[in-house]
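The values are calculated or read from the model by the stated rules, or taken from the named source; none is laboratory data. Predicted model only: the values in this text are computed from it and were never measured. Counting neighbours? That spans all protein chains shown, and the Cβs are built from the backbone with ideal geometry, glycine included. For the accessible areas, the whole protein counts, side chains as well, though only heavy atoms, and no ligand, DNA or RNA atoms are used. Shrake-Rupley method; radii C 1.70, N 1.55, O 1.52, S 1.80 Å.
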Amino acid sequence: MSTPTRFTPSPGTQDPPRPKSAPASASRPAHRSWRRALRRDWQLYSLVVLPLLFFLVFRYLPMLGNVIAFRRFEPGGSIFGEEWVGLRYVEMFLTDPTFWQVFRNTLWLGGLTLVFCFPIPIILALLLNEVRRRSLKRFVQSVSYLPHFLSIVIVAGITMQMLATDGPVNHILGWFGHDPIRFIQEPEWFRTIYVGSEIWQTAGWGTILYLAALTTIDEDLYEAARIDGANRWQQIWHVTLPGIRPTMITLLILNIGTFMAVGFEKVLLLYNPLTYPTADVISTYVYRAGVESNSFSYAAAIGLFEAIIGLVLITSANTLSRRTVGTSLW
């Protein structure tokens, strides 16, 4: 019985392979994909409308008013000024001794706030992460979070009542034979009061982000560290801190960006003419020059100068972070 022979065409007579067709998503125009996504998820996109309007109306449109830093503005006239004066107002505040005093005060308060208020939430989060009793951990978290939900007016009021001449702090000092201290009226105490109130109000809330970052660390890393003989401090140093480093860098860059924008409301509520030498900052000086003295162009020039410094700081911090540790905002 003969076996059937299979015909095999010669290589030259084979049909060329058909080119693979491109995926439908690649051939589809981008604007059609965008329209389809918009029709499918229009409810989600509608949630973005109000935030975009907020930033447009209250953040971007007011930036047009910076032009009065170079134009003479008169109340009741054009919102963009009456006439061009160039760098006149810039030269005014650069040659004003009062401005340089408030500039130094801003650097002092911003630097102290960054040095003390930035690491304390990290330390508190690490300590809470080591607490094993769930009830104690929740109690400490609730007590530390509570000041964040208080209004700045309430925080300033509590601070002034606690540190008043006949307040609880001076009563305690009197038990030890110390004379009452006028904390609110003494310029040398203002920076301590401001930074202390900032720590009390923001430290607990700042731990939320770090506690959330701690939950993303793989437990196998701790197990491997224990096998290698690492104690708790070594585990924190070699496992925990590297695990939350991206969060730390991101918040540090954001804090540096607001370095010059020291809390206007709290300073305005806590300071008085007696503490101007150490308490007056750029934001409060701009408020007095612009709103109380009606020097709007002069105040706009100072505010523009402050904004430029903030932009340089956050850009430099982001670039330095990206080149050194490989983590940045953009």
Across (1) assigned to a helix (DSSP H, G or I); (2) out of contact with any Phe, Trp or Tyr (no Cβ under 8 Å at 6 or more places or on another chain); (3) small (Gly, Ala, Ser), Gly229 clears everything bar (1)
Out of (1) closer than 30 Å to Val131 by Cα; (2) crowded, with 19+ Cβ neighbours inside 10 Å, the one Ile236 does not meet is (2)
Screening Leu146, Leu173, Leu150, Leu107 for residues that are closer than 30 Å to Ser297 by Cβ, open to solvent by 40 Å² or more (accessible area, probe 1.4 Å) and of a type in the set (A, V, I, L, M) leaves only Leu107
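Restricting to helices (runs of 4 or more DSSP H) lying wholly in the stretch 273-330: which have 2 or more residues that are of a type outside the set (A, V, I, L, M), open to solvent by less than 40 Å² (accessible area, probe 1.4 Å) and in contact (Cβ under 8 Å) with a residue 24 or more places away in the chain? Reasoning before the result, please.
Values: elements: 276-279, 282-287, 296-324.
Filter on the stretch 273-330 gives 282-287, 296-324.
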Every listed condition ((1) loosely packed, with under 14 Cβ neighbours inside 10 Å; (2) modelled with pLDDT of 90 or more) holds for Ile158 save (1)
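I'd like to know if the stretch 197-204 contains one or more residues that are without any contact (Cβ under 8 Å) to a residue 24 or more places away in the chain and within 28 Å of Val102 (Cβ to Cβ). Explain how you work it out, then say what you get.
Start the filter on the stretch 197-204 by keeping residues that are without any contact (Cβ under 8 Å) to a residue 24 or more places away in the chain, which leaves none.
Looking for residues that are without any contact (Cβ under 8 Å) to a residue 24 or more places away in the chain and within 28 Å of Val102 (Cβ to Cβ), one finds none in the stretch 197-204, hence no.
Quick grid of which residues meet (1) in contact with a Leu (Cβ under 8 Å, 6 or more places away or on another chain); (2) farther than 25 Å from Pro277 by Cβ; (3) in the same structural domain as Thr278 (by TED's automatic domain parsing); (4) in contact (Cβ under 8 Å) with a residue 12 or more places away in the chain:
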{"residue": "Pro147", "(1), (2), (3), (4)": "no, yes, yes, yes"}
{"residue": "Ile152", "(1), (2), (3), (4)": "yes, no, yes, yes"}
{"residue": "Leu163", "(1), (2), (3), (4)": "no, no, yes, yes"}
{"residue": "Gly167", "(1), (2), (3), (4)": "no, no, yes, no"}
{"residue": "Phe176", "(1), (2), (3), (4)": "no, yes, yes, no"}
{"residue": "Ile184", "(1), (2), (3), (4)": "yes, no, yes, yes"}
{"residue": "Glu188", "(1), (2), (3), (4)": "no, no, yes, yes"}
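Do you know which residues across the stretch 221-250 are hydroxyl-bearing (Ser, Thr, Tyr) and either touching a strand residue (DSSP E or B) at 6+ places or on another chain (Cβ under 6 Å) or in contact (Cβ under 8 Å) with a residue 24 or more places away in the chain (or both)? Explain how you work it out, then say what you get.
Step one: list which residues in the stretch 221-250 are hydroxyl-bearing (Ser, Thr, Tyr), which gives 222, 240, 247, 250.
Answer for the stretch 221-250, where residues must be hydroxyl-bearing (Ser, Thr, Tyr) and either touching a strand residue (DSSP E or B) at 6+ places or on another chain (Cβ under 6 Å) or in contact (Cβ under 8 Å) with a residue 24 or more places away in the chain (or both): Thr240, Thr247, Thr250.
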Report yes if Met248 is hydrophobic (A, V, I, L, M, F, W, C), in the same structural domain as Trp100 (by TED's automatic domain parsing) and more than 30 Å from Asp220 (Cα to Cα), otherwise no. no
